[in-house]
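Got a structure for you, questions after.
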Amino acid sequence: GAVVSQHPSWVICKSGTSVKIECRSLDFQATTMFWYRQFPKQSLMLMATSNEGSKATYEQGVEKDKFLINHASLTLSTLTVTSAHPEDSSFYICSTSPSGHRIFGPGTRLTVT
Amino acid sequence: KQEVTQIPAALSVPEGENLVLNCSFTDSAIYNLQWFRQDPGKGLTSLLLIQSSQREQTSGRLNASLDKSSGRSTLYIAASQPGDSATYLCAVETSGSRLTFGEGTQLTVNP
């Protein structure tokens with residue numbers, strides 16, 4: 001079946017640095033990619049929706065200049081957390097719907113020290 | 001604004017028990033409702049998807065029902081096993097392919 005991969009699975013970075021998270025669709029093309037953030041013991045919150053070849057649409061309260069999303073190809077979407085701070089530490093998950101059912105990547109655990 | 005609530009927040013049962021997880025949503029204008037499973041530190045696995053025109057879906061020991069008019073869904077797990085231990089999330093899809101999630105039910109099945 002359709003699979004979405006994420007890289008890295010976990011990353012630790014220092015405050016002020018930038019981190020790029022990759023989300024790849026394997027064996028299918030993902031026109032639309034959704035990016036979620038999940039804090040401990042909480043549910044998933046949609047951050048932004050990206051469509052291949054166009055600018056991402058960000059949810060209210062999500063800083064587009066801080067969370068840069070690029071969806072340059074039908075198999076790769078990236079989320080870059082710029083100038084990361086400890087409060088950005090979270091679990092980031094991408095998701096797409098190749099055939100109606102929503103599938104999710106395995107997630108990336110970001111810890112900012 | 002759509003809000004999704006799941007009850008209970010946590011549930012611990014002995015192996016073999018049948019159990020029910022509840023999900024409610026405030027806006028009945030949904031396209032579908034989906035139940036997911038999330039293991040610690042992992043992504044989500046889709047369990048069942050119920051279209052707005054459907055009332056239930058079954059897969060193995062899992063049965064999900066949907067009452068759109070009352071804004072409720074239940075996930076029934078029969079003959080629970082320790083391997084069923086995980087967090088179960090329900091989510092409703094509304095316009096713009098937007099998924100709104102509940103906060104989940106953390107299930108522990110004790111051997």
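The values are calculated or read from the model by the stated rules, or taken from the named source; none is laboratory data. Note that the coordinates shown come from a computational prediction; the quantities given were computed from them, not determined experimentally. Reconstructed Cβ throughout: ideal geometry from the backbone, glycine too, with neighbour counts over all protein chains shown.
Take the residues of the range B:39-66 that are in a strand (DSSP E or B), at pLDDT below 95 and polar (S, T, N, Q): which is farthest from A:Trp35 (Cα to Cα)?
B:Gln51
Also, quick follow-up: Return the pairs, sorted by first residue and then second, in which the second residue is surrounded by 11 or more Cβ atoms within 10 Å (Cβ to Cβ), the first residue lies in the range A:57-72 and is acidic (Asp, Glu), the beta carbons are less than 7 Å apart, and the residues are 6+ apart or on different chains.
Partner pairs satisfying both residue conditions: A:Glu59/A:Leu46; A:Glu59/A:Met47; A:Glu59/A:Ala48.
Also: Of the residues that make up the range A:61-68, is at least one within 21 Å of B:Glu93 (Cα to Cα), among the acidic types (Asp, Glu) and either over 11 Å from the mean Cα position of the chain (by Cα) or within 14 Å of chain B (Cβ to nearest Cβ) (or both)?
No.
Among residues belonging to the range B:69-100 that are within 11 Å of chain A (Cβ to nearest Cβ) and modelled with pLDDT under 95, point out the one that is farthest from B:Gly43 (Cα to Cα).
First pass over the range B:69-100, keeping only residues within 11 Å of chain A (Cβ to nearest Cβ): B:87, B:89-91, B:93, B:96-100.
Subsequent filtering for residues that are modelled with pLDDT under 95 retains B:93, B:96-100.
Details: B:Glu93: 18, B:Gly96: 22, B:Ser97: 19, B:Arg98: 18, B:Leu99: 15, B:Thr100: 16 Å.
Filtering the range B:69-100 for residues that are within 11 Å of chain A (Cβ to nearest Cβ) and modelled with pLDDT under 95, the one farthest from B:Gly43 (Cα to Cα) comes out as B:Gly96.
Identify the residue in the range B:87-106 that is surrounded by fewer than 20 Cβ atoms within 10 Å (Cβ to Cβ) and touching a strand residue (DSSP E or B) at 6+ places or on another chain (Cβ under 9 Å) and, among all such residues, is farthest from B:Thr26 (Cα to Cα).
Taking the candidates together, the pick is B:Gln106.
Out of A:Ser5, A:Ser50, which single residue is within 20 Å of A:Leu74 (Cα to Cα) and crowded, with 19+ Cβ neighbours inside 10 Å? First the steps, then the outcome.
On the way: A:Ser5 fails: crowded, with 19+ Cβ neighbours inside 10 Å.
Going through A:Ser5, A:Ser50 in turn, the sole match is A:Ser50.
I'd like the full set of residues that are within 14 Å of chain A (Cβ to nearest Cβ) and of a type in the set (A, V, I, L, M, F, W, C), limited to the range B:101-111.
We begin by selecting, within the range B:101-111, every residue within 14 Å of chain A (Cβ to nearest Cβ); these are B:101-106.
Listed by number, the list holds a single entry, B:Phe101.
Looking only at the range A:90-113, filter to residues that are in a loop (DSSP other than H, G, I, E, B) and within 14 Å of chain B (Cβ to nearest Cβ); which one of those is modelled with the lowest pLDDT?
Filtering the range A:90-113 for residues in a loop (DSSP other than H, G, I, E, B) gives A:100, A:105-107, A:113.
Narrowing further to those that are within 14 Å of chain B (Cβ to nearest Cβ): A:100, A:105-107.
Working: A:Gly100: 71, A:Gly105: 93, A:Pro106: 94, A:Gly107: 95.
Across the range A:90-113, the extreme among qualifying residues is A:Gly100.
When you go through (1) touching a Phe, Trp or Tyr at 6+ places or on another chain (Cβ under 9 Å); (2) within 14 Å of chain A (Cβ to nearest Cβ); (3) in contact (Cβ under 8 Å) with a residue 40 or more places away in the chain; (4) surrounded by fewer than 14 Cβ atoms within 10 Å (Cβ to Cβ) one by one for B:Gly41, which number turns out not to apply?
Status for B:Gly41: all satisfied but (3).
For the range A:24-46, name all the residues that are of a type outside the set (S, T, N, Q), outside any loop (DSSP other than H, G, I, E, B) and in contact with a Leu (Cβ under 8 Å, 6 or more places away or on another chain).
From the range A:24-46, those of a type outside the set (S, T, N, Q) are A:24, A:26-28, A:30, A:33-37, A:39-41, A:44-46; that's our starting set.
If we keep only those that are outside any loop (DSSP other than H, G, I, E, B) too, we end up with A:24, A:26, A:33-37, A:44-46.
Scanning the range A:24-46 gives A:Arg24, A:Phe34, A:Trp35, A:Tyr36, A:Arg37, A:Leu44, A:Leu46.
Hey, can you tell me all the residues within the range B:52-76 that are among the β-branched types (Val, Ile, Thr) and over 10 Å from the mean Cα position of the chain (by Cα)?
First, pick out the residues of the range B:52-76 that are among the β-branched types (Val, Ile, Thr): B:58, B:74.
Within the range B:52-76, B:Thr58 is the sole residue that qualifies.
Hey, among A:Val4, A:Val19, which residue is among the β-branched types (Val, Ile, Thr) and within 13 Å of chain B (Cβ to nearest Cβ)? Walk me through it before giving the result.
Numbers: A:Val19 fails: within 13 Å of chain B (Cβ to nearest Cβ).
Sole residue among the options that is among the β-branched types (Val, Ile, Thr) and within 13 Å of chain B (Cβ to nearest Cβ): A:Val4.
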